[in-house]
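Enquirer: One structure, as structure tokens, below. Some questions next.
What follows is calculated from the coordinates using simple rules that are stated; it is not laboratory data. This is a predicted model, so every value here is computed, not measured. So basically every Cβ, Gly included, is an ideal-geometry build from the backbone, and we count neighbours across all protein chains shown.
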Amino acid sequence: MSDVDQESRRDSGRLLASKRITGPDIKVGFILSPQFTMIAFASFIECLRHAADEADYSRQIFCGWSVVAPDLEPVQASCGVQVLPQQLFPDPQTFDYIVVVGGLLPGCLEHPQETYEYLRVARACKVSIIGLCTGSFVLAEAGFLDGLKSAVHFEHRQQLVAMYPAVIPITDQMYINEGGVITCPGGTTSLDLAFTLIETHCGKARAVKGITSLLVDRRRAQHHIPHRLFDKLTVCGNWRVEQSVALMQRNISRPFGIAGLAQRLGTSARELNRAFNSCTAESPAAIWRKIRLAHGHWLLINTTRTVTEIALECGFSDTSHFSRWFKTIYSESPLVFRRQRRETWNNV
């Protein structure tokens, strides 16, 4: 072993010894809801685990975590797997973050009052509260989100609006921090949120270790989620519009015309136009074009594909056709739009 390697090993040893004295840089408590979603929980805690130690030893050196509850009874996930809490509710100030992992609705709201009270005490103590997946519904139930924005999965947007009209649902962001109340729509976006928090408390190198150990090649931007602007039309109450929009969203690259759309639905183009005009005041062709342009809008922000590649993926015959319609809707050409947005984010 070279002198450099030996010195590097000694430095690493001194750092680990120091951390055992001072404790982890970030401490997270997890509260699992009844029927919680395993992917949201596992994505977050596994990123912490890999960032917490050298190699793959899983020691809680740089990051600490614990599953807490009002009792030590097992909590069953939506997939049927049960997880045992590790400790009864400690002083909430033990943690930098308390993460509520949501699950199937409405069962995930059925926490005992002791849990809701614990969250309120934690909030009063300025401990940051995180809602993963439908954990945002639990935070809304506790009264933490009134008048605030909440990142929510697009499939649960309507439920959030119906159950908590004072909450502002956002479906195109991976996480939102509203003054220490953080929401995340779940799934693998929990991994991106964990990366951000680890980077804040432990530094970028440790956060990168957390995701690369999971074979994730890069962190996604906060705005990475595609914005499904027309989801509300899939539940508008008119079957022709609902089924048409669902087909449009599945056929962005290969639009086959309104006559073909009507044929697939067993209706006529005339009936289809009448239904869309009634529900949207626009033609089905205009809505389909907007769906394709919205996808192009997302690709310009989140990928490095050329405008020509994006135009073809969005079902346009050439770049000029795509650019002309994009400018009509968004008031900027695709190239100007991409350049200005990237300059803005680079300066943040």
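Enquirer: Would you mind getting the Kirkwood hydrodynamic radius of region 231-346 from its Cα pairs, rounded to one decimal in Å?
Expert: Working: mean 1/r = 0.0668 Å⁻¹.
Mean inverse Cα-Cα distance, inverted, gives 15.0 Å.
Enquirer: Describe numerically, in nm with one decimal, the distance between label points set 7 Å from Cα along Cα→Cβ at Arg59 and at Gln87.
Expert: 1.9 nm
Enquirer: Taking the chain as a Gaussian network, where each spring joins two C-alpha atoms under 10 Å apart, which residue of Gln263, Gln35, Gln249 fluctuates the most?
Expert: Answer for the Gaussian network model of the chain: Gln263.
Enquirer: Which net charge results when you count Lys and Arg as +1 and Asp and Glu as -1 among the other residues whose beta-carbon is under 14 Å from that of Gly143? Mind showing how you got there, number by number?
Expert: Numbers: positive: Arg120, Arg123; negative: Glu117, Glu141, Asp146, Glu178.
Computed value for this residue: -2.
Enquirer: Cα centroid distance between region 27-101 and region 268-325, in Å?
Expert: If you average the Cα positions of each part, the centres end up 43 Å apart.
Enquirer: Would you please give the residues with an amide H less than 5 Å from that of Val100, counting only those at least 5 places away or on a separate chain, with H modeled from the backbone geometry?
Expert: Answer set, sorted by chain and number: Ile31, Ile130, Gly131, Leu132.
Enquirer: Would you please give the FRET efficiency between Phe256 and Met38, computed as 1/(1 + (r/R0)^6) with r the Cβ-Cβ distance and R0 = 56 Å, to the nearest 0.05? Intermediate results must be reported in sequence, preceding the final value.
Expert: Values: r = 39 Å, r/R0 = 0.69.
The pair Phe256/Met38 has a calculated efficiency of 0.90.
Enquirer: Another one. Comparing Leu132, Leu160, Leu215, which has the greatest mean-square fluctuation in the GNM of the chain with Cα pairs linked when under 10 Å apart?
Expert: Evaluated over the chain, the most mobile residue of the options is Leu215.
Enquirer: Which values, in whole Å and largest first, are the semi-axes of the equivalent ellipsoid of the chain obtained as the square root of 5 times each eigenvalue of the Cα gyration tensor? Numbers along the way, then the final one.
Expert: Numbers: eigenvalues 365, 150, 53 Å².
Computed over the chain, the values are 43, 27, 16 Å.
Enquirer: Here's something else I'd like to know. Under 15 Å from the 7 Å Cα→Cβ point of Leu247, by amide nitrogen: which residues of region 260-277?
Expert: 260-276
Enquirer: For region 286-296, in order, what is each residue's ³J(HN,Hα) by Karplus, 6.51 cos²θ - 1.76 cosθ + 1.60 with θ = phi - 60°, in whole Hz (x at glycine and Pro)?
Expert: After applying 6.51 cos²θ - 1.76 cosθ + 1.60, I find 5, 5, 4, 4, 5, 4, 5, 5, 5, 5, x Hz.
Enquirer: While we're here: Would you be so kind as to identify which of Ile130, Val307, Ser320 lies farthest towards the positive end of the dipole of the chain, taking Lys and Arg as +1 and Asp and Glu as -1 on Cβ and the Cα centre as origin?
Expert: It is Ser320.
Enquirer: Still on this structure, please answer the following. Would you grab the residues whose amide H sits under 5 Å from the one on Asp25? Only those 5+ places off in sequence or on another chain, please, with H modelled 1.01 Å from N.
Expert: Those lying under 5 Å, H to H, from Asp25 are Cys63.
Enquirer: May I pose another question? Treating the beta-carbon of each Lys and Arg as +1 and of each Asp and Glu as -1, no other charges, what is the dipole magnitude of the chain about its Cα centre, to the nearest 20 debye? The partial results should precede the final answer.
Expert: Numbers: 37 positive and 33 negative charges, 285 e Å.
The calculation lands at about 1380 debye.
Enquirer: Please go through the residue pairs Lys149/Lys232; Lys149/Lys327; Lys149/Lys209; Lys149/Lys204; Lys126/Lys149 and name each one whose alpha carbons sit more than 23 Å apart in this structure.
Expert: Details: Lys149/Lys232 18 Å; Lys149/Lys327 29 Å; Lys149/Lys209 31 Å; Lys149/Lys204 27 Å; Lys126/Lys149 19 Å.
Pairs exceeding the cut-off: Lys149/Lys327; Lys149/Lys209; Lys149/Lys204.
Enquirer: Going by amide H atoms built from the backbone, whose H comes under 5 Å of the H on Phe89, apart from near neighbours?
Expert: So Phe89 has HN proximity to Ala69.
Enquirer: Separate question: Over the chain, what is the percentage of antiparallel beta bridges among all DSSP beta bridges, to the nearest 5?
Expert: Numbers: 6 of 31 bridges.
Among the beta bridges of the chain, antiparallel pairing accounts for roughly 20 percent.
Enquirer: Report the label-to-label distance for Lys126 and Ser320 in nanometres (one decimal), using points 7 Å from each Cα along the Cα→Cβ vector.
Expert: 6.1 nm
Enquirer: Which one of Gly186, Tyr57, Val101 is farthest out on the positive end of the charge dipole of region 13-212, using unit charges on Cβ (Lys, Arg +1; Asp, Glu -1) and the Cα centre as origin?
Expert: Tyr57
Enquirer: Hey, could you grab the Kirkwood Rh for region 72-136? Inverse mean 1/r over distinct alpha carbon pairs, Å, one decimal. Numbers along the way, then the final one.
Expert: Values: mean 1/r = 0.0785 Å⁻¹.
By the Kirkwood definition, the hydrodynamic radius is 12.7 Å.
Enquirer: Which value, in debye to the nearest 20, gives the size of the charge dipole of region 13-212 about its Cα centre, when Lys and Arg are +1 and Asp and Glu are -1 at the Cβ? Display every interim value, and only then the final one.
Expert: Details: 14 positive and 19 negative charges, 133 e Å.
Its charge dipole is roughly 640 debye.
Enquirer: Can you tell me which of Cys184, Cys108, Cys125 moves the most in a GNM of the chain? Springs connect C-alpha atoms under 10 Å apart.
Expert: Cys125
Enquirer: Here's another thing I want to ask about it. Relative to the present Cα-Cα distance, how much length would full extension add between Ser333 and Arg274 at 0.36 nm per residue of separation? Don't skip to the end; give the middle numbers.
Expert: Details: separation 59, 0.36 × 59 = 21.24 nm, distance 3.21 nm.
The Ser333-Arg274 span can extend by a further 18.0 nm.
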